[in-house]
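Enquirer: Dropping a structure here in C-alpha coordinates format, bear with me for questions.
The values are calculated or read from the model by the stated rules, or taken from the named source; none is laboratory data. Everything quoted here is computed from the prediction, not taken from an experiment. Neighbour counts run over all protein chains shown; Cβ positions are idealised from the backbone, glycine included. Calculation scope for accessible area: heavy atoms of the full protein, side chains included, ligands and nucleic acids excluded. Shrake-Rupley method; radii C 1.70, N 1.55, O 1.52, S 1.80 Å.
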Amino acid sequence: MSRDLASTSADLLASLTHLMASWASTRTQAAVAEEAGVETDPLDLPPLYMLGLQGPSRAGDLATALHVTRPTMSKQLVRLERAGLIERHADATDRRASVIHLSSSGAAAHDLLVARGVEMLQEAISDWDDDEAVQFATQLGRFVGALRRQHTETSTR
(Lines give C-alpha, C1' and ligand atoms only; values in the text may rest on other atoms or scores of the structure.)
Protein backbone atom coordinates (compact mmCIF):
# COMPACT_ATOMS: atom_id res chain seq x y z
CA MET A 1 0.00 0.00 0.00
CA SER A 2 1.41 3.34 -1.00
CA ARG A 3 1.90 6.11 1.52
CA ASP A 4 -0.76 8.21 -0.25
CA LEU A 5 -3.30 5.38 -0.10
CA ALA A 6 -2.47 4.69 3.56
CA SER A 7 -2.88 8.37 4.38
CA THR A 8 -6.15 8.55 2.43
CA SER A 9 -7.42 5.46 4.24
CA ALA A 10 -6.54 6.99 7.61
CA ASP A 11 -8.36 10.19 6.62
CA LEU A 12 -11.36 8.15 5.50
CA LEU A 13 -11.43 6.26 8.78
CA ALA A 14 -11.31 9.53 10.75
CA SER A 15 -14.12 11.04 8.66
CA LEU A 16 -16.28 7.93 9.02
CA THR A 17 -15.70 7.82 12.76
CA HIS A 18 -16.79 11.45 13.10
CA LEU A 19 -19.79 10.88 10.83
CA MET A 20 -21.02 7.81 12.70
CA ALA A 21 -20.50 9.38 16.10
CA SER A 22 -22.35 12.52 15.07
CA TRP A 23 -25.23 10.91 13.18
CA ALA A 24 -25.82 8.15 15.75
CA SER A 25 -25.65 10.50 18.72
CA THR A 26 -28.74 10.81 20.86
CA ARG A 27 -28.58 14.58 20.42
CA THR A 28 -28.63 14.39 16.60
CA GLN A 29 -31.35 11.75 16.53
CA ALA A 30 -33.46 13.75 18.99
CA ALA A 31 -33.10 16.84 16.78
CA VAL A 32 -34.02 14.89 13.63
CA ALA A 33 -37.07 13.41 15.36
CA GLU A 34 -38.16 16.79 16.71
CA GLU A 35 -37.69 18.50 13.35
CA ALA A 36 -39.62 15.68 11.66
CA GLY A 37 -42.42 15.91 14.22
CA VAL A 38 -41.86 12.38 15.54
CA GLU A 39 -42.37 12.05 19.28
CA THR A 40 -40.40 9.08 20.56
CA ASP A 41 -37.27 8.42 22.56
CA PRO A 42 -34.28 8.93 20.22
CA LEU A 43 -32.79 5.70 21.61
CA ASP A 44 -35.70 3.84 20.02
CA LEU A 45 -35.23 5.26 16.52
CA PRO A 46 -32.76 2.65 15.18
CA PRO A 47 -35.27 -0.23 15.19
CA LEU A 48 -37.86 2.10 13.67
CA TYR A 49 -35.44 2.99 10.87
CA MET A 50 -34.44 -0.64 10.36
CA LEU A 51 -38.03 -1.89 10.15
CA GLY A 52 -38.73 0.84 7.60
CA LEU A 53 -35.69 -0.14 5.56
CA GLN A 54 -35.91 -3.93 5.63
CA GLY A 55 -39.52 -4.63 6.50
CA PRO A 56 -40.96 -6.92 9.18
CA SER A 57 -38.40 -8.76 11.30
CA ARG A 58 -38.08 -10.92 14.35
CA ALA A 59 -36.75 -9.15 17.44
CA GLY A 60 -33.56 -11.23 17.46
CA ASP A 61 -32.84 -10.38 13.84
CA LEU A 62 -33.31 -6.68 14.61
CA ALA A 63 -30.94 -6.96 17.56
CA THR A 64 -28.33 -8.61 15.36
CA ALA A 65 -28.73 -6.06 12.56
CA LEU A 66 -28.40 -3.16 14.99
CA HIS A 67 -25.59 -4.74 17.04
CA VAL A 68 -27.46 -4.56 20.35
CA THR A 69 -28.30 -7.22 22.89
CA ARG A 70 -31.66 -8.98 22.83
CA PRO A 71 -32.67 -7.47 26.20
CA THR A 72 -31.91 -3.97 24.86
CA MET A 73 -33.95 -4.66 21.73
CA SER A 74 -36.79 -6.05 23.81
CA LYS A 75 -36.96 -2.84 25.87
CA GLN A 76 -36.88 -0.68 22.75
CA LEU A 77 -39.67 -2.69 21.14
CA VAL A 78 -41.84 -2.48 24.25
CA ARG A 79 -41.53 1.32 24.18
CA LEU A 80 -42.25 1.47 20.44
CA GLU A 81 -45.26 -0.80 20.88
CA ARG A 82 -46.61 1.35 23.73
CA ALA A 83 -46.17 4.40 21.49
CA GLY A 84 -48.23 2.67 18.80
CA LEU A 85 -45.36 2.63 16.29
CA ILE A 86 -44.99 -1.14 15.92
CA GLU A 87 -47.21 -4.22 16.03
CA ARG A 88 -46.35 -7.81 16.80
CA HIS A 89 -47.80 -10.57 14.64
CA ALA A 90 -47.48 -14.31 15.12
CA ASP A 91 -44.77 -15.83 12.94
CA ALA A 92 -46.50 -18.14 10.47
CA THR A 93 -43.51 -20.52 10.51
CA ASP A 94 -43.03 -20.59 14.30
CA ARG A 95 -46.01 -19.86 16.54
CA ARG A 96 -43.69 -19.29 19.53
CA ALA A 97 -42.13 -16.29 17.81
CA SER A 98 -43.51 -12.98 16.64
CA VAL A 99 -42.64 -10.77 13.73
CA ILE A 100 -42.39 -7.04 14.32
CA HIS A 101 -44.12 -4.75 11.80
CA LEU A 102 -44.38 -1.00 11.64
CA SER A 103 -47.92 0.12 12.44
CA SER A 104 -49.48 2.71 10.14
CA SER A 105 -48.31 5.35 12.66
CA GLY A 106 -44.84 3.79 12.66
CA ALA A 107 -44.68 3.81 8.86
CA ALA A 108 -45.74 7.46 8.85
CA ALA A 109 -43.07 8.28 11.47
CA HIS A 110 -40.45 6.44 9.40
CA ASP A 111 -41.44 8.41 6.31
CA LEU A 112 -41.14 11.70 8.22
CA LEU A 113 -37.71 10.74 9.60
CA VAL A 114 -36.44 9.72 6.17
CA ALA A 115 -37.78 12.92 4.60
CA ARG A 116 -35.96 15.01 7.22
CA GLY A 117 -32.78 12.97 6.72
CA VAL A 118 -32.96 13.52 2.97
CA GLU A 119 -33.40 17.26 3.55
CA MET A 120 -30.31 17.26 5.78
CA LEU A 121 -28.26 15.45 3.15
CA GLN A 122 -29.44 17.81 0.44
CA GLU A 123 -28.45 20.78 2.60
CA ALA A 124 -25.00 19.25 3.16
CA ILE A 125 -24.33 18.79 -0.56
CA SER A 126 -26.18 21.86 -1.81
CA ASP A 127 -23.03 23.33 -3.36
CA TRP A 128 -22.11 20.11 -5.22
CA ASP A 129 -23.02 19.65 -8.85
CA ASP A 130 -25.33 16.76 -9.72
CA ASP A 131 -22.52 14.57 -11.10
CA GLU A 132 -20.55 14.90 -7.85
CA ALA A 133 -23.59 13.93 -5.78
CA VAL A 134 -24.37 10.90 -7.99
CA GLN A 135 -20.73 9.79 -7.96
CA PHE A 136 -20.53 10.14 -4.18
CA ALA A 137 -23.75 8.16 -3.67
CA THR A 138 -22.53 5.43 -6.03
CA GLN A 139 -19.11 5.14 -4.39
CA LEU A 140 -20.55 5.25 -0.87
CA GLY A 141 -23.01 2.46 -1.74
CA ARG A 142 -20.14 0.41 -3.15
CA PHE A 143 -18.04 1.07 -0.04
CA VAL A 144 -20.83 0.13 2.38
CA GLY A 145 -21.50 -3.05 0.38
CA ALA A 146 -17.83 -4.02 0.63
CA LEU A 147 -17.82 -3.42 4.39
CA ARG A 148 -20.98 -5.52 4.79
CA ARG A 149 -19.45 -8.39 2.84
CA GLN A 150 -16.26 -8.12 4.89
CA HIS A 151 -18.26 -8.11 8.14
CA THR A 152 -20.33 -11.10 7.00
CA GLU A 153 -17.21 -13.06 6.09
CA THR A 154 -15.54 -12.18 9.40
CA SER A 155 -18.59 -13.09 11.49
CA THR A 156 -19.05 -16.49 9.78
CA ARG A 157 -15.47 -17.65 10.44
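Enquirer: Would you please give the FRET efficiency between V144 and H101, computed as 1/(1 + (r/R0)^6) with r the Cβ-Cβ distance and R0 = 35 Å, to the nearest 0.05?
Expert: Given R0 = 35 Å and the Cβ-Cβ separation, E is 0.85.
Enquirer: For Cα extents along the principal axes in Å, the listed values are (i) 55, 42, 26; (ii) 53, 31, 22; (iii) 49, 34, 27; which was obtained by calculation from the structure presented?
Expert: (i)
Enquirer: I need the chymotrypsin sites (Phe, Trp or Tyr not before Pro) found in the stretch 73-157, filtered to DSSP loop residues with at most 16 other beta carbons within 10 Å of theirs.
Expert: Within the stretch 73-157, the qualifying chymotrypsin sites (Phe, Trp or Tyr not before Pro) (loop, at most 16 other Cβ atoms within 10 Å) are W128.
Enquirer: With the full set of protein chains in place, find how many percent of the accessible area of the chain is carbon and sulfur; take the probe as 1.4 Å.
Expert: Ligands and nucleic acids excluded, carbon and sulfur give 56 percent.
Enquirer: If you don't mind, another one. Taking only protein heavy atoms into account and a 1.4 Å probe, give the accessible area per residue of the stretch 1-154 in Å².
Expert: 69 Å²
Enquirer: Still on this structure: For a Förster distance of 22 Å, can you work out the FRET efficiency between the beta-carbons of L16 and S126, rounded to the nearest 0.05?
Expert: The formula returns an efficiency of 0.50 here.
Enquirer: Using amide H atoms built in the peptide plane, which far-off residues or other-chain residues are under 5 Å from I86 H to H?
Expert: E81, S103
Enquirer: For H18, what accessible surface area do you get with a 1.4 Å probe? Give it in Å², rounded to 10.
Expert: 130 Å²
Enquirer: Moving to a separate point now. Please list, by residue number, every one of the GluC sites (Glu not before Pro) in the stretch 20-117 that is coil in DSSP and has at most 13 other beta-carbon atoms within 10 Å.
Expert: Listed in order of number, the matching sites are E39.
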